[in-house]
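Working notes, structure below.
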Amino acid sequence: MEANVLMQFKDLGLGLVLALSACGSGVGAGVAGMAAIGAWKKNYIQNKAASFMLVAFVGAPLTQTIYGMIVMNRMYELAAKGHYLWGVGAFSGLAIGLSAYWQGRCAACACDAMGETNKGFGNYLVVLGMTETVALFVMAFTLGILGKLAGA
């Protein structure tokens, strides 16, 4: 491939890690948001108080976008030196994004359960924290690999 053409894709890994992380966050928050709205609707129909705490479940998947941004910023340093990190960006972004997606699905279930019972908030947060841990591991391990690449 011609060098000029290849240079156009130098930043592809940076875009991939942020975009895939953000896509997972958006879909996860959307799924959880729909469940929260449904739970609130049920509460309103039954003339029960609607718990605002469901918003915490809806917002949980958004942190994965921040993790993608942190990895992207570290990747920028290497991309500026001429490293092409498409695979790192694609696979770490995908893993972080999938963590956000599944966290949103778990949050949707938490919204449904909390809307029905108004109990179990702490238990539901623990489950969301466990799914978030996958994204934290991916971010930490990716930053470790990028650090080794920077030193090489």
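Per-structure values
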quantity	calculated
Full-stretch length increase - M34, T117 - with 0.36 nm per residue and alpha-carbon distance subtracted	28.1 nm
For M53, residues with placed amide H under 5 Å, excluding near neighbours	none
Over the chain: helical MRE at 222 nm, DSSP H runs n ≥ 4 each giving -39500 (n - 2.57), nearest 500	-29000 deg cm²/dmol
Among Q46, Q103, Q64, residue whose mean-square fluctuation peaks in a GNM of the chain (springs only between Cα atoms under 10 Å)	Q46
Non-local Lys pairs in the chain, i.e. 8 or more apart or on different chains, that have alpha carbons under 23 Å apart	6
At R0 = 35 Å, FRET efficiency that the Cβ-Cβ distance of W86 and Q46 yields, to 0.05	0.10
3J(HN,Hα) from dihedral phi, region 78-93, Karplus parametrisation 6.51/-1.76/1.60, rounded to Hz, x for glycine, proline	6, 5, 5, 8, x, 7, 9, 10, 4, x, 4, x, 5, 6, 6, x
Efficiency of FRET between M53 and F141 - r from beta-carbon atoms, R0 35 angstrom, step 0.05	0.60
Karplus-derived 3J(HN,Hα), 6.51/-1.76/1.60, for each residue of region 107-120, Hz, glycine and proline x	5, 4, 5, 5, 4, 4, 5, 5, x, 6, 10, 6, 9, x
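Each value in this text was obtained by applying a stated rule to the coordinates, not by laboratory testing. These numbers were taken from a predicted model, which means no experiment stands behind them. Cβ sites come from the backbone with ideal geometry, for glycine too, and all protein chains shown count toward neighbours.
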